Amino acid sequence: MKLLIKGGTLISPDQKEIFSTDVLIADGKVAVFGNNLEMDRAFIIDAGGKLVLPGLIDLHAHLREPGFEDSETIATGTMAAAKGGFTSLACMPNTNPVADNSSVISFILNKARQGGKVNVFPIGAITAGSRGEELAEMAGLKEAGAVAFSDDGRCISNAAVMYRAMQYATMINMPVIAHCEDTRLSAQGAMHEGYYSTLLGLKGIPAAAEEVMVTRDIILAGETGCRLHIAHVSTEGSVQLIRQAKARGLRVTAEATPHHFTLTDREVTGYNTSTKVNPPLRTLEDVNAVRQGLRDGTIDVIATDHAPHAQEKKEVEYENAPFGISGLETAVGLVWTELVNTGILSPLEAVEKMTANPARILGISKGILAKGADADLTIIDPARTEKVDPARFVSKGRNTPFAGRMLAGVPVMTIVGGKIVFEYAG
Ligand code: NCD
Ligand code: ZN
């Protein structure tokens, strides 16, 4: 099967360029670039006025399977990814059982191969059961196909355990993804600690809960030489700490989510549990610092932290609701509306943070659009706008704080390995 994408504008992070070209896809690979390409027996895709990108990669998603299939499965989560323009995602190990051994990694890879719409790259746990005590079988996880290690959802409180984990990860050349949260400082908090937590009478999570652990992990990365990736950066202080670490030459990278560069803690007014997320929505100063961090390169990656929850789990009092936002189906629209159309990022910079940069951190051969590369492509319509309607999500998680928002920039086609896995139907 050959696909010929005609008339589109290609954004190429490897060539650092944007140019008009047709793209021919054959045998699951990118075969030819060129203008006015013709090919018999190829399926023609009209991309006039559209942007053709390397398939987007989400470095931080929760697929919930095995164990929490009422909230998401590998099938529904990858369907949501395809609809959101993602061709690959890395999934976090906080499943049940936790992905702390090779058989869970193999299970995920098999499920993804059988019923998955996009490429799935599992992340293995750092510690057994993500309990933060003994290290998981890290080498075995790598052998089984894990691309990184994380205890995401939980922070490893014991610095000695994190230190050993980083030493070990460095030895086997794997990145460690840190969920930075001092749980003594965040204890029982439901939202950011500040004016609105006082107003709403909810226990707060101070910015320091994140920053204390960002500081610790940067120090440990410096000591061990570990490739440290900081997940879901949410505060101004964290952005500054990461900026300084990079200036010192440490191998530290970071990600930000669409909700953290868009929403403030003011959204919690009204107690909508879809605004409850960890780390919490912060202040306007924090949102602006995250935006500045994205702009100046301190923050390398935009990741969704897709955290779907079955509706009944969120239909409880704010204090008792689980943390998490369903993010795969709104990410592109938020990036385009909030960052590209506002001039904070160029289209090329935005695409780098969703393709080449996450691929480099995970060490996967994705995220570029060169001749011979896997034909994973995303086509987006930057001129189209659409209202966020959670009832139309294909994810099982409809927990979004963006319901009703008009977003510009719509993924209209997603191609994985030369096959169309999603096409926009209006
Ligand atoms: C995540 C989840 O639900 O698994 N929740 C969240 O609010 N981000 C865990 C996490 O990423 O910390
Ligand atoms: Zn986390």
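The values are calculated or read from the model by the stated rules, or taken from the named source; none is laboratory data. From a predicted model like this one, the values you see are computed outputs, not experimental measurements. We place every Cβ from the backbone using ideal geometry, glycine too, and count neighbours over all the protein chains shown. Calculation scope for accessible area: heavy atoms of the full protein, side chains included, ligands and nucleic acids excluded. Shrake-Rupley method; radii C 1.70, N 1.55, O 1.52, S 1.80 Å.
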Might you check whether a residue that is within 16 Å of ligand 1 (Cβ to nearest atom), touching a residue at least 40 places away in the same chain (Cβ under 8 Å) and either in a loop (DSSP other than H, G, I, E, B) or open to solvent by less than 30 Å² (accessible area, probe 1.4 Å) (or both) occurs anywhere in the stretch 123-135? yes
Can we say Gly333 is more than 16 Å from ligand 2 (Cβ to nearest atom) and open to solvent by less than 30 Å² (accessible area, probe 1.4 Å)? yes
Of everything in the stretch 279-316, what is closer than 29 Å to Thr198 by Cβ and charged (D, E, K, R)? Give them in sequence order. Arg282, Glu285, Asp286, Arg291, Asp305, Lys313, Lys314, Glu315
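Among Thr342, Thr304, Thr414, Thr378, which is the only one that is within 16 Å of ligand 1 (Cβ to nearest atom), of a type in the set (Val, Ile, Thr) and either buried (at least 23 other Cβ atoms within 10 Å of the Cβ) or not in a helix (DSSP H, G or I) (or both)? It would help to see each step written out before you state the result.
Numbers: Thr342 fails: within 16 Å of ligand 1 (Cβ to nearest atom); Thr414 fails: within 16 Å of ligand 1 (Cβ to nearest atom); Thr378 fails: within 16 Å of ligand 1 (Cβ to nearest atom).
None of the other options fit; the residue is Thr304.
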For the stretch 1-46, list the strands (runs of 3 or more DSSP E) that sit wholly inside it and hold at least 3 residues that are more than 22 Å from Ala356 (Cβ to Cβ), touching a His at 6+ places or on another chain (Cβ under 9 Å) and touching a residue at least 12 places away in the same chain (Cβ under 8 Å); which are they? none
Across the stretch 345-372, the tally of residues that are open to solvent by 20 Å² or more (accessible area, probe 1.4 Å) and small (Gly, Ala, Ser) stands at 6
Restricting to the stretch 63-94, name every residue that is surrounded by 24 or more Cβ atoms within 10 Å (Cβ to Cβ), polar (S, T, N, Q) and assigned to a loop (DSSP other than H, G, I, E, B). Ser71
Here the residues within the stretch 307-328 that are more than 12 Å from ligand 2 (Cβ to nearest atom) and open to solvent by 40 Å² or more (accessible area, probe 1.4 Å) are Gln311, Glu312, Lys313, Glu315, Val316, Glu317, Glu319, Asn320
Hits in the stretch 162-188 - residues which are part of a helix (DSSP H, G or I) and away from ligand 1 (no atom under 15 Å from the Cβ): Met162, Tyr163, Arg164, Ala165, Met166, Gln167, Tyr168, Ala169, Thr170, Met171, Arg184, Leu185
Touching a residue at least 60 places away in the same chain (Cβ under 8 Å), in the same structural domain as Leu63 (by TED's automatic domain parsing) and under 22 Å from Thr78 (Cβ atoms): is that true of Pro280 in this structure? no
Specify which of the listed residues (Ala190, Ala159, Ala165) is out of contact with any Cys (no Cβ under 8 Å at 6 or more places or on another chain), in contact (Cβ under 8 Å) with a residue 60 or more places away in the chain and surrounded by 18 or more Cβ atoms within 10 Å (Cβ to Cβ). Ala190
Selected residue [surrounded by fewer than 24 Cβ atoms within 10 Å (Cβ to Cβ) and over 22 Å from Ile420 (Cα atoms)] from Val120, Val98: Val98
